[in-house]
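The values are calculated or read from the model by the stated rules, or taken from the named source; none is laboratory data. A quick note: this is a predicted structure, and the numbers were derived from the prediction, not measured. Reconstructed Cβ throughout: ideal geometry from the backbone, glycine too, with neighbour counts over all protein chains shown. Only protein heavy atoms, including side chains, enter the accessible area calculation; ligands, DNA and RNA are left aside. Shrake-Rupley method; radii C 1.70, N 1.55, O 1.52, S 1.80 Å.
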Amino acid sequence: MNLLSDIISEGKLAVYVTKNSAPRNVYFEKLRQGNYRKNYVHELFKGSGSFTDSETNDFEVLLVDEAHRLNEKSGLYSNIGENQIKEIINAARLSVFFIDEDQRVTSKDIGTIEQIKYFAKQQHAKIIEAELDSQFRCNGSDGYIAWLSDVLEIRRTANDIFNNDDYTFKIFDDPNEMRDAIIKENKYHNKARLLAGYCWNWESKNHPSKYDIIFPEHHFKAQWNFSNTTTWAIDTDSVEQIGCIHTSQGLEFDYIGVIIGDDLRFENGHIITDFSKRARTDQSLKGFVTKCRKGDKVALKFADTIIRNTYKTLLSRGMKGCFVYCTDQALSNYFKERLKRNNDIYNEITYTVQEAAETAENLLIYKTKK
């Protein structure tokens, strides 16, 4: 958003682009409350399917956020256009793609670095690659992001532990206690929310009196996010509702409470995924569920990646802290063991440093006396 502001201040035509409408709606609402004309602000934000009919270089700069979420086709029925990556590159003199392939969370997500390079070369565009050396998410803790990849077994990293002095990560055994903690944090700036993996059907969408996520053993019940708002993430009355990947990806909160469903479990010493535990209304694995049921290895691998990426994305929405409740007790225990490993190593390092300091002090005293 700062980059968008800088480019516009230079008198250039620039637009912020995302597939996911949630961040566009939130940014629009925030800016609309300022001293800007509504139509002007509206033109700063566009969906990734807005360029099917664009002429070459209609725009000077397109800033594409969450580029991993780009689709091939556009439109409600995915039947418009040819390829969103190709159309975006064609529509602008300069296209900037912010991408994290570990955040592809549906079967329609085609955004990859390889695909962007392919279409850029097709249109004889100059390609410049840059890697962000640091980030503001999760209190700027790159170590926490890498630790999540290690913990979720997305990939092995050097971050077997993370320094949680500046970032809170806590496991709850009772979802009510986690919800209470989120409500408490939300009182300060309205920046704390509950999120969950898509393992529960959205019954309340058509039946407002029904609850979607229910844990009878804890006397806990909650509804998915409101269906009558496009700004759930900043609405003042949505803290007790539960958001999903589609209402939170691309946005940050101070604190998030994540409910991990039975699609992610811990068995035989490893984290496993289970596509069959996703809600029947879930569209993220559309086209792959039948293949998965037949044991197709490629489809199963794809489903496994989507589920792990979804939880990594949810678990990294908090700027100051992340609270977690797992429906699978073994997974909860695994997280606790990883946190205990953090504390054990931290205590060992602290003891070693203190011991070294005491030794140095004793040597100094001995030398002074001598």
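Against the chain, whose longest principal axis comes from its Cα atoms, helix 21-32 is set at around 90 degrees.
In a shell of Cβ-Cβ distance under 12 Å around Ile271, excluding Ile271 itself, what net charge do Lys and Arg (+1) and Asp and Glu (-1) give? The partial results should precede the final answer.
Details: positive: Arg265, Arg308, Lys312, Arg338; negative: Asp150, Glu153, Asp263, Glu267, Asp274, Asp304, Asp328.
Around Ile271, the charge tally is -3.
Computed with a 1.4 Å probe over protein heavy atoms only, the accessible surface of the chain comes to 55 Å² per residue. Taking the inverse of the mean reciprocal distance over all distinct Cα pairs, the Kirkwood hydrodynamic radius of region 140-193 comes to 12.9 Å. The alpha-carbon of Lys301 sits under 18 angstrom from the alpha-carbons of these lysines, leaving out residues fewer than 8 places away in its chain: Lys108, Lys277, Lys286, Lys291, Lys312. Axis of helix 329-369 versus longest Cα principal axis of the chain: the two differ by about 50°, to the nearest ten degrees.
Going through region 140-225, which GluC sites (Glu not before Pro) have at most 14 other Cβ atoms within 10 Å and a DSSP loop state? Before the final figure, lay out each step's value.
Details: sites: Glu153, Glu177, Glu185, Glu203, Glu217; in loops: Glu153.
Those satisfying the criteria are Glu153.
Which shape class applies to region 180-248: rounded if a/c is under 1.5, otherwise prolate when a/b exceeds b/c and oblate if not, where a ≥ b ≥ c are the square roots of the Cα gyration tensor eigenvalues? Judged from the Cα gyration tensor, region 180-248 comes out oblate (a/c at least 1.5, b/c at or above a/b).
Using the Cβ of Tyr188 as centre and a radius below 14 Å, the other residues enclosed give a net charge of +3, where K and R count +1 and D and E count -1.
Nonpolar atom fraction for the chain, defined as the carbon and sulfur part of the 1.4 Å probe accessible area, stands at 49 percent.
What does the net charge come to around Gly295 if you take all other residues with beta carbon closer than 15 Å to its beta carbon, with K and R at +1 and D and E at -1?
+2
Among the trypsin sites (Lys or Arg not before Pro) in region 235-287, those placed in a DSSP loop whose Cβ has at most 16 other Cβ atoms within 10 Å are Arg280, Lys286. Loop-located trypsin sites (Lys or Arg not before Pro) across region 1-60 with a Cβ neighbour count of 14 or fewer within 10 Å are Lys12, Arg37, with loop assigned by DSSP. In terms of its C-alpha gyration tensor, region 1-137 has a rounded overall shape, because the principal axis ratio a/c (a ≥ b ≥ c, square roots of the eigenvalues) stays below 1.5.
Largest first, what is the accessible-area ranking of Val15, Val289 with a 1.4 Å probe?
Working: Val15 0, Val289 45 Å².
Putting Val15, Val289 in descending order of accessible area: Val289, Val15.
All distinct Cα pairs of the chain go into the 1/r average, and the inverse of that average, the Kirkwood radius, is 22.7 Å. Kindly express, to the nearest 10 degrees and within the range 0 to 90, the angle between helix 175-189's C-alpha long axis and the longest C-alpha principal axis of the chain. Approximately 70 degrees, to the nearest 10. Region 293-312 and region 187-232 have their alpha-carbon centroids 25 Å apart.
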